[in-house]
1. Where the centre of each part is set by its Cα atoms, how far does the range A:40-89 sit from the range A:117-172, in angstrom?
2. List the aspartates and glutamates whose Cα lies under 12 Å from the Cα of residue B:29, skipping any in the same chain that are fewer than 8 positions away.
3. Among the aspartates and glutamates, which fall within straight-line cross-link reach of residue A:380, defined as a Cα-Cα distance under 12 Å, with same-chain neighbours fewer than 8 residues apart omitted?
4. Using 0.36 nm per residue, how much length does the chain from residue A:370 to residue A:302 gain when fully extended, once their Cα-Cα distance is taken away?
5. Label points 7 Å out from Cα along the Cβ direction at residue A:272 and residue B:23: separation in nm?
6. Roughly how many nanometres apart are two label points built 7 Å out from the Cα toward the Cβ at residue A:140 and residue A:245?
7. Average partner chain C-beta neighbours within 10 Å, per residue of A:204-211?
8. Report the one residue of A:338, A:174, A:397 whose Cα lies farthest in the direction of the positive end of the charge dipole of chain A (charges on C-beta: Lys and Arg +1, Asp and Glu -1; origin at the Cα centre).
Amino acid sequence: MRMQLKYWLVLVLAGLTSMTSAQETFKELDETEVNFLFNYYEQDGNNGAVQGGRGTEELSNVAPSLIVNIPLDTARNLMAYIGFDKYSSASTDRIDDPYLENVNLSTASSSDTRFYTNINYQRKNSAAKVTQSYKAGVSVEYDYTSISAGYGFAKESKDQNRELSLSGMAYFDTWQLIFPTELRGTDGLNNEKQRQSFNFTSTLSQVINKKLQASFSGELVYQTGRLSTPFHRVYFNDGESNIFLKERRTENLPDTRFKIPLGLRLNYYLNDYVVLRGYYRYYYDDFGITANTFEIETPIKVFSTLTIYPFYRYHTQTAADYFKPFGQHELTDEFYTSDYDLSEINTTSLGFGFKYSPIYGLARFKGPFSKKTGKVTKFKSVEVRYADYTREGNNTNDPGGGDLDAYSLSFNMTFTF
Amino acid sequence: MKRNRIIIGIALIVGIAFQSCVSVEAYQKIYLNDENMELNARKVAVYETNFQAYREGASGANGGKTGGGCGCN
């Protein structure tokens, strides 16, 4: 009898053990998620840096991209981000137009395409609450190639209310220098220069209470190499009023730049209908730019499946030490630029987005992997976002200089497999 | 001087906010797990972050790019 009891006990224990291991073996993986993104962007202004701070800044950009997130197992994840930007720019048309007169000129430089891809491999140790990630990327356009690599480490607290993440990225860029035609000299287009950027980021995320959480980010960015754009013209204050005879050179900036952006994000769940998302950034760099950026977004749940979110962003910055408007640089200046991106500006961005995500998706169908995985493909959600952007110059001796208007329209369609 | 004041201000806000934290159990995180509460920029906003980095001298601390690529148009 005693032997029989022992026998049954062993059997039950064995059964329980096998059940546990079976549950572990068949623990459901997260679904593979694919995001199809698309953006159309258009801008117009009258301070093109190619023309020395005067002339058109008209530009349009079409940018489709794809983000694929594949869980390899319960601990490992692979993310790929692939896309291209196809832009047409009226100002780059003026690189080969020294007299800035041919408004209808069309050259090969008026449009270009940038292809890019980024890969992120992530491994999570759930017991130690540590996530490590390895990143690599490449970006290619006609005159510019960028290769990047990086590593990230994140450690979560035991109660999962706090996370500290540290990451580093290095970018190695090669630039084929294209100077304005009249400043090209004998080297023609056969110049190549390097640029490297090193970025260290630390982020502390913290749950403050049941409805409030925050993150604080600090970055150190160091850039070295060719930091000035070769086809940006700069006109000097040489007393000459005739633009054709006026002294002009290509932009010249220091070959190192150190940036420190600090960001604070604060999200508050106001009630079941409204969430408040706030963001503030302080920025400093050794070119002399100091900036403050505020952003507020208020997602409103109209229905459980539909969220609309108006947002507003305000940015203000001081000018770089090397910036002066058209014709105001002294001939003795060591560094000079008339690029209004580096000038004293205030910008506002106002827009809204909406996301529609029914519980069972917008559609379900057999996808390319359905046979293999036994899962249906789900068209999970669609998101649309529109932003109207205004930049106002605030530069002394140049009223109205730096003004620019732009808008951006983006889509995101999410599928799971 | 102004820069120091801003940095001290941020440090104070972060310090006070993080000091008043309470321990929230996993089963109490229903609000925090809402997708709108994610402490990241939205995927669909990545394009805006990029063009803002081009059209403004300042960038970074928002998940956007701070290096690499030309962005000169």
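Coordinate-derived values only; no laboratory data. Worth saying up front: this structure is predicted, and the values here are computed from it rather than measured. Glycine gets a Cβ as well: all are built from the backbone with ideal geometry, and neighbour counts include every protein chain shown.
1. Here the answer is 21 Å between Cα centres.
2. Once the sequence-local aspartates and glutamates are set aside, what remains near residue B:29 is A:159.
3. Partners found: A:31, A:33.
4. Gain on stretching residue A:370 to residue A:302: 21.1 nm.
5. Result: 3.0 nm between the two label points.
6. Placing both labels 7 Å along Cα→Cβ, they lie 4.8 nm apart.
7. Neighbouring Cβ atoms belonging to other protein chains average 6 per residue here.
8. Farthest along the dipole direction, towards plus: A:174.
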